[in-house]
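Notes follow the structure.
Readers should treat all values here as calculations from the given coordinates under stated rules, not as data from a laboratory. Keep in mind it's a predicted model, so treat the numbers as computed, not measured. No Cβ is skipped: glycine too gets one built from the backbone with ideal geometry, and neighbour counts run over all protein chains shown.
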Amino acid sequence: MRVLLDESLPRELADELPALDARTVSGQGWSGLSNGELLRRASTAGFTVLVTADQSIPHQQNLAGFGLAVVVLKVRRNRIQELRPLVSQLLQALEIVQPGQVMRLGAHGS
């Protein structure tokens, strides 16, 4: 499973997922791309899941057309200290999320 962490998340989150092939948008050189272009590139590069804090991506894009799943992390601030408590939920979600599906994790609604 190849996981892409959106630029809305801190790079340190990748360090919390050592058993996965987790890469960051900035590490791929894709910072600043529109959501549609980002999803196209991620799909072409073989990523299967996009993890983001961007609440609007699922509403802006037809995810099924990209063959990607999206996991949206809902926290007050996108800081690693607030994201660490969600890592176990994220790992569980990554095991079951399917292409075209959106899962929302976090204390502020699901």
Placed amide H near residue 106: partners under 5 Å, 5+ positions off or other chain: 74
I need the peptides 47-54, 28-35 ranked by packing, meaning the mean over residues of other C-beta atoms within 10 angstrom, with the highest value on top. 47-54, 28-35
Give a residue-ordered list of calculated ³J(HN,Hα) values for segment 21-28 (Karplus: 6.51 cos²θ - 1.76 cosθ + 1.60, θ = phi - 60°; whole Hz; x for Gly, Pro). 8, 9, 10, 9, 4, 5, x, 7
If amide H atoms are modeled at 1.01 Å from N in the peptide plane, then the residues at a separation of 5 or more from residue 68, or on another chain, having amide H under 5 Å from its own are 100
Label point at residue 80 placed 7 Å out along Cα→Cβ; residues across segment 2-17 whose backbone nitrogen lies under 18 Å: 4-17
Gain in span if fully extended, residue 19 to residue 98, counting 0.36 nm per residue against the direct Cα distance: 26.5 nm
Can you compute the equivalent ellipsoid semi-axes for the chain, i.e. the square root of 5 times each eigenvalue of the Cα gyration tensor, sorted largest first and rounded to whole Å? 19, 15, 14
Quick one: which residues, 5+ away or cross-chain, put their amide H under 5 Å from the amide H of residue 21? H built at 1.01 Å from N. 3
Which of the trypsin sites (Lys or Arg not before Pro) found in segment 38-110 are in a DSSP loop and have at most 13 neighbouring Cβ atoms, other than their own, within 10 Å? 76, 77, 79
In whole Hz and in residue order, list the ³J(HN,Hα) couplings for segment 62-76 that follow from phi through the Karplus curve 6.51 cos²θ - 1.76 cosθ + 1.60, θ = phi - 60°; x for Gly and Pro. 8, 5, 4, x, 9, x, 10, 9, 10, 10, 9, 9, 10, 9, 4
Based on DSSP H runs of at least 4 residues, each adding -39500 (n - 2.57), what is the mean residue ellipticity at 222 nm of the chain after dividing by all its residues, to the nearest 500 deg cm²/dmol? -7000 deg cm²/dmol
